[in-house]
Amino acid sequence: MAVGLPFSHVFGYVCSIFAIPALFSSRVWSSARKVIVAIIIFLAYWAVRGIFTPKPSLSMNSVLNFIAHWLLPFVLGILIARQIKLFFKLHFITLTFIIILGLLSAFGLFPQRIFGAKLWAEGMLWGFHHHNDFASLLAFFLPAFLVMGGSFNFLLELIFGLGLGLTGSRGYYIGFTLSSAGIFLQHFVRGAFSKRMMLNFLVAFFVFVGSVLLLSAPKTRIEKAVKDVDMAVISRFNRWSVTLWALSENPLFGIGPGQLPARNDYISKIKRENLFVDFKAGGLKHLHNLYLTIMAEGGIIGIALVLLIFWAILSMLSKRGKIGKAFLWGFVAILIGSFFDEQLIKPLEAIDIFFVIGLLAGSKWGSSGYDESKT
């Protein structure tokens, strides 16, 4: 079972099929025309570029992945946006349940034979498929709770902040911290930071920091990274050097969509230059950095089109009232975390994130003139 949508990303694939006819709906296009156009332009480039690669089948698979992970979940969210509150409740209940399980497991309160050695020993650090996937969802929702305010959202801040600390995901620690700093500065400059909001912010942040410092596994990961003795961090830095090799071949168009796993010559060069890279995930499927992965495979044009999509999303969220602006900062946390991982192009995170953004795109919740009785 993956974290993805509350029902797993496989069910997300199935549900997204219903979004295909909606691509021709005027309602869908009127809700987020710029975002949809930006995604389609990127997909068109990705497909055409893929034709002129050594292994076009890998490129077409990459194109289909982006359609299934970005476009269709986004459209599906718009299609059923009237049920936004119901889906938010499902997310909150599901994620809170996983956090409670992870917390109890971290203290050894679940039998090892039921949940497995990894979850038994480290709580949510490796449980429920992968810690980065789960951390990305928590980092996405946390800033929104802070901006929306209220007692219930403050409680969710505490729970999700504790959960994020338990994951041990250092990239999303940074993403959440910087997005929170952005919220603080924005409200401080505008004079909109009330004393209660300040208190809620500080309490939630200290809960997050405390969970990192008090539990051994997350604390150890931080210490090893700071001391530059974490082989996982060293491996990522060495992976990033592949981007320079790819751009030296074709800076404008990259080596081609989906072609990284086929480049055994890069693996040979890594070994020849005695660079440590952990290949347990299987070759060079990605570079542990969303932007560098896109740049290596799609060149300068590819990364420019992806940044256009992200800009369109941020612009759209900024026009969706208080709730949209709240999740704008959550998406910023995702974009920052993507400097250290590539979860946003994987189904476990991408389907859920784009689905929620679609819900926000199609909903008027939080906008002026919104009639709550109609939801």
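The values are calculated or read from the model by the stated rules, or taken from the named source; none is laboratory data. Owing to the predicted nature of the structure, the values given are computational and were not obtained by experimental measurement. Glycine gets a Cβ as well: all are built from the backbone with ideal geometry, and neighbour counts include every protein chain shown.
Is there a residue in the stretch 70-92 that is among the β-branched types (V, I, T), at pLDDT 90 or above, buried (at least 21 other Cβ atoms within 10 Å of the Cβ) and within 26 Å of A144 (Cβ to Cβ)? I'd like the intermediate steps shown before the answer.
Taking the stretch 70-92 first, the residues among the β-branched types (V, I, T) are 75, 78, 80, 84.
Then keep just the ones that are at pLDDT 90 or above; that gives 75, 78.
If we keep only those that are buried (at least 21 other Cβ atoms within 10 Å of the Cβ) too, we end up with 75, 78.
Of the ones still in play, those that are also within 26 Å of A144 (Cβ to Cβ) are 75, 78.
Yes, some residue in the stretch 70-92 is among the β-branched types (V, I, T), at pLDDT 90 or above, buried (at least 21 other Cβ atoms within 10 Å of the Cβ) and within 26 Å of A144 (Cβ to Cβ).
Mind checking which pairs have a first residue in the stretch 25-39 that is closer than 13 Å to M316 by Cα and a second that is assigned to a loop (DSSP other than H, G, I, E, B), Cβ under 9 Å, 6 or more apart or different chains?
Hits for this filter: W29/L23; S31/S363; I36/L23.
Out of D352, D341, report the one residue that is in contact with a helix residue (DSSP H, G or I) (Cβ under 8 Å, 6 or more places away or on another chain), modelled with pLDDT under 95, of a type in the set (D, E) and over 28 Å from F18 (Cβ atoms). Please lay out each step first, then the result.
Values: D352 fails: over 28 Å from F18 (Cβ atoms).
Within the list D352, D341, the selection yields D341.
For the stretch 273-322, how many residues meet the condition of being in a helix (DSSP H, G or I) and among the basic types (K, R)? Let's see the steps before the verdict.
Residues of the stretch 273-322 in a helix (DSSP H, G or I): 290-317, 321-322.
Pick out the ones that are also among the basic types (K, R) and you get 322.
Number of matching residues: 1.
When A192 is evaluated against the numbered criteria (1) at pLDDT below 70; (2) more than 23 Å from the chain's Cα centre (by Cα); (3) in a helix (DSSP H, G or I), which criterion, by number, is the only one it fails?
Every listed condition holds for A192 apart from (3).
Which of the residues spanning the stretch 40-63 are touching a residue at least 24 places away in the same chain (Cβ under 8 Å), out of contact with any helix residue (DSSP H, G or I) (no Cβ under 7 Å at 6 or more places or on another chain) and in a helix (DSSP H, G or I)?
I40, N61, listed by residue number.
Which residue, of L213, L202, is part of a helix (DSSP H, G or I), closer than 23 Å to Y173 by Cβ, at pLDDT below 75 and hydrophobic (A, V, I, L, M, F, W, C)?
Step by step, each of L213, L202 is checked, and only L213 is part of a helix (DSSP H, G or I), closer than 23 Å to Y173 by Cβ, at pLDDT below 75 and hydrophobic (A, V, I, L, M, F, W, C).
Could you pull out the residue among L290, L284, L307 that is free of Cβ contacts under 8 Å to residues at least 24 places away in the same chain and either crowded, with 21+ Cβ neighbours inside 10 Å or closer than 21 Å to T243 by Cα (or both)?
Numbers: L290 fails: free of Cβ contacts under 8 Å to residues at least 24 places away in the same chain; L284 fails: free of Cβ contacts under 8 Å to residues at least 24 places away in the same chain.
Result: L307 is the single residue among L290, L284, L307 that is free of Cβ contacts under 8 Å to residues at least 24 places away in the same chain and either crowded, with 21+ Cβ neighbours inside 10 Å or closer than 21 Å to T243 by Cα (or both).
Residue check: is I353 among the aliphatic types (A, V, I, L, M), under 25 Å from W29 (Cα atoms) and surrounded by 23 or more Cβ atoms within 10 Å (Cβ to Cβ)? Spell out the reasoning first.
Details: among the aliphatic types (A, V, I, L, M): yes; under 25 Å from W29 (Cα atoms): yes; surrounded by 23 or more Cβ atoms within 10 Å (Cβ to Cβ): yes.
Against the criterion (among the aliphatic types (A, V, I, L, M), under 25 Å from W29 (Cα atoms) and surrounded by 23 or more Cβ atoms within 10 Å (Cβ to Cβ)), I353 qualifies.
So which residues in the stretch 152-164 are buried (at least 24 other Cβ atoms within 10 Å of the Cβ) and farther than 16 Å from G330 by Cα? Walk me through how you get there before you give the answer.
Applying the first criterion (buried (at least 24 other Cβ atoms within 10 Å of the Cβ)) to the stretch 152-164 yields 157, 160-161, 163-164.
Answer for the stretch 152-164, where residues must be buried (at least 24 other Cβ atoms within 10 Å of the Cβ) and farther than 16 Å from G330 by Cα: there is none.
Go through the stretch 245-272 and report how many residues are part of a loop (DSSP other than H, G, I, E, B) and either at positive phi or not aliphatic (A, V, I, L, M) (or both). Please lay out each step first, then the result.
So in the stretch 245-272, the residues part of a loop (DSSP other than H, G, I, E, B) come out as 250-259, 263.
With the extra rule that they be either at positive phi or not aliphatic (A, V, I, L, M) (or both), the set shrinks to 250-251, 253-254, 256-259, 263.
Selection size over the stretch 245-272: 9.
Mind checking which pairs have a first residue in the stretch 315-335 that is without any contact (Cβ under 8 Å) to a residue 12 or more places away in the chain and a second that is outside any loop (DSSP other than H, G, I, E, B) and not charged (D, E, K, R), Cβ under 9 Å, 6 or more apart or different chains?
What qualifies is S318/G324; S318/L328.
All but one of (1) touching a Leu at 6+ places or on another chain (Cβ under 7 Å); (2) more than 19 Å from Q343 (Cα to Cα) hold for R190, so report the exception by its number.
(1)
Just a yes or no: is a residue in the stretch 35-55 modelled with pLDDT of 75 or more and over 25 Å from T293 (Cα atoms)? Break it down into steps so the answer makes sense when it comes.
Our first condition is that a residue be modelled with pLDDT of 75 or more; within the stretch 35-55, this holds for 35-55.
Checking the rest, the ones that are also over 25 Å from T293 (Cα atoms) come to none.
Scanning the stretch 35-55, I find no residue that is modelled with pLDDT of 75 or more and over 25 Å from T293 (Cα atoms), so the answer is no.
Can you name every residue in the stretch 157-172 that is in a helix (DSSP H, G or I) and in contact with a His (Cβ under 6 Å, 6 or more places away or on another chain)?
Keep residues of the stretch 157-172 that are in a helix (DSSP H, G or I), which gives 157-167, 170-172.
The answer is T167, and nothing else.
Six or more apart or on different chains, Cβ under 8 Å: which pairs go from a residue in the stretch 260-274 that's farther than 16 Å from K285 by Cβ to one that's surrounded by 10 or more Cβ atoms within 10 Å (Cβ to Cβ)? Could you list them?
Pairs found: K269/W245.
Being farther than 24 Å from Q343 by Cα and hydrophobic (A, V, I, L, M, F, W, C) is true for just one of I51, I84. Which residue is that?
Working: I84 fails: farther than 24 Å from Q343 by Cα.
Checking each option against the conditions leaves just I51.
Those residues that are charged (D, E, K, R) and under 14 Å from G358 (Cα atoms), I need them from the stretch 309-324; list them, please. Steps first, please.
Here is the first cut: in the stretch 309-324, the residues charged (D, E, K, R) are 319-320, 322.
Correct list: K319, R320.
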